[in-house]
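Here's the structure, in structure tokens; my notes come after.
The values are calculated or read from the model by the stated rules, or taken from the named source; none is laboratory data. These numbers come from a predicted model, not from an experiment. Please note: Cβ atoms are built from the backbone with ideal geometry, for glycine as well, and neighbour counts cover all protein chains shown.
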Amino acid sequence: MTVFNTNKKKYSNRNDKMALSIRECFSKALLRDDIYGLPCKNLTITHVDLSPDLRNAKIFVMSSENSQKKELVNLLEKNKHYFKNIIATKLKMRFIPEIAFKIDDSFEKLQRIDEILRDNGIQA
């Protein structure tokens, strides 16, 4: 079954499976605390977005500490080669995707919406 998103890009089950596999590989690496200089205890990988050709991956991360967001992305970018090595050794892919790290602020937006609704007396 083929799924279409709002951007009219074609996605397949393979794309979803590979994104999930990449997320699992990264999560296991973070659990092992293998990455020098990263606050792995406060880091969560929320989503991996792969391009349809599997050559580009956006990895969305969230940290419980709001003050470290920019530093966190910089540290992840510095360790990008390590993450690409994990993908190359653990997954069987023709191409190793280029990785870009993004801060996932969807939970903060959700909290803000919930706060606005509560201020207006609306129960969610």
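Identify all residues within the stretch 74-98 that are of a type outside the set (Phe, Trp, Tyr) and under 18 Å from Asp16 (Cβ atoms); write none if there are none.
Across the stretch 74-98, the qualifying residues are Ile87, Lys90, Leu91, Lys92, Met93, Arg94, Pro97.
Restricting to the stretch 95-117, count the residues that are in contact (Cβ under 8 Å) with a residue 12 or more places away in the chain and either part of a helix (DSSP H, G or I) or farther than 23 Å from Lys69 by Cα (or both).
Matching residues across the stretch 95-117 total 5.
Taking into account only those residues within the stretch 89-115 that are closer than 17 Å to Lys28 by Cβ and surrounded by fewer than 12 Cβ atoms within 10 Å (Cβ to Cβ), which is modelled with the lowest pLDDT?
The qualifying residue modelled with the lowest pLDDT is Lys92.
Tally the residues that are surrounded by 13 or more Cβ atoms within 10 Å (Cβ to Cβ), farther than 24 Å from Asp16 by Cα and under 15 Å from the mean Cα position of the chain (by Cα), restricting the search to the stretch 56-73.
The total comes to 2.
Do we find a residue being small (Gly, Ala, Ser) and either touching a Gly at 6+ places or on another chain (Cβ under 9 Å) or more than 17 Å from Ser21 (Cβ to Cβ) (or both) anywhere in the stretch 106-120?
Initial filter on the stretch 106-120 (small (Gly, Ala, Ser)): 106.
Of the ones still in play, those that are also either touching a Gly at 6+ places or on another chain (Cβ under 9 Å) or more than 17 Å from Ser21 (Cβ to Cβ) (or both) are 106.
Yes: the stretch 106-120 contains one or more residues that are small (Gly, Ala, Ser) and either touching a Gly at 6+ places or on another chain (Cβ under 9 Å) or more than 17 Å from Ser21 (Cβ to Cβ) (or both).
Using the structure shown, decide if Val61 is of a type outside the set (Gly, Ala, Ser) and in contact with an Asp or Glu (Cβ under 9 Å, 6 or more places away or on another chain).
yes
Somewhere in the stretch 42-50, is a residue exposed (fewer than 13 other Cβ atoms within 10 Å of the Cβ) and either of a type in the set (Gly, Ala, Ser) or at pLDDT below 90 (or both)?
Narrowing the stretch 42-50 to residues exposed (fewer than 13 other Cβ atoms within 10 Å of the Cβ): 42.
Those still in the list that are either of a type in the set (Gly, Ala, Ser) or at pLDDT below 90 (or both) too: 42.
For the stretch 42-50, residues exposed (fewer than 13 other Cβ atoms within 10 Å of the Cβ) and either of a type in the set (Gly, Ala, Ser) or at pLDDT below 90 (or both): present.
Can you tell me which residue in the stretch 48-63 is farthest from Leu30 (Cα to Cα), limited to those that are in contact with a strand residue (DSSP E or B) (Cβ under 8 Å, 6 or more places away or on another chain) and not in a strand (DSSP E or B)?
The qualifying residue farthest from Leu30 (Cα to Cα) is Pro52.
Among the listed residues Asn85, Asn79, identify the single one that is surrounded by 14 or more Cβ atoms within 10 Å (Cβ to Cβ) and either in contact (Cβ under 8 Å) with a residue 24 or more places away in the chain or on the phi < 0 side of the Ramachandran plot (or both). Give the derivation first.
Working: Asn85 fails: surrounded by 14 or more Cβ atoms within 10 Å (Cβ to Cβ).
Going through Asn85, Asn79 in turn, the sole match is Asn79.
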